[in-house]
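Down below is the structure, laid out as structure tokens.
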């Protein structure tokens, strides 16, 4: 796999938390895939298959463009509307820079420490 090739995986951290690990570029070409993935998780919650929170691990994201930000904003709005937490875990330096430039750092719950246990503690606080 090339460094910039997009890839996303989904795993359950526990009964109430879904981890989405994202790698590569999140741009106009790949953001629809991430949008569909996050929508499928939300649909699963609506049907009672999945519950709780979503943690999006951005530690291996190389590029995050406006379309990727749009997907994250949409996911945050959906989580807020449904009463679930959405946490961006360990965003890469390039992601942090984009969030800072766009002044969106304060919009998201960000856990820069990375360990899953810390993220779970943050969500239960």
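Key figures for this structure:
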| read-out | value |
| --- | --- |
| Filter result for residue 37 (more than 18 Å from residue 107 (Cβ to Cβ), surrounded by 14 or more Cβ atoms within 10 Å (Cβ to Cβ) and touching a strand residue (DSSP E or B) at 6+ places or on another chain (Cβ under 6 Å)) | yes |
| Boolean, residue 21 is under 18 Å from residue 104 (Cα atoms) and either modelled with pLDDT of 95 or more or surrounded by 13 or more Cβ atoms within 10 Å (Cβ to Cβ) (or both) | no |
| Residues satisfying the stated conditions in segment 57-103, i.e. surrounded by 16 or more Cβ atoms within 10 Å (Cβ to Cβ) and part of a loop (DSSP other than H, G, I, E, B) | 84, 85, 90, 91, 92 |
| Selection status of residue 45, at pLDDT 95 or above, in a helix (DSSP H, G or I) and surrounded by 14 or more Cβ atoms within 10 Å (Cβ to Cβ) | no |
| Criterion (at pLDDT below 95 and part of a helix (DSSP H, G or I)) met by exactly one of 40, 11 | 40 |
| Tally, over segment 14-35, of residues that are in a strand (DSSP E or B) and without any contact (Cβ under 8 Å) to a residue 24 or more places away in the chain | 0 |
| Criterion violated by residue 57 - all others in (1) over 12 Å from the mean Cα position of the chain (by Cα); (2) at pLDDT 95 or above satisfied | (1) |
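The values are calculated or read from the model by the stated rules, or taken from the named source; none is laboratory data. All figures in this text were calculated on a predicted structure; none of them were measured in a lab. Every residue, glycine among them, receives a Cβ derived from its backbone with ideal geometry; neighbour counts consider all protein chains shown.
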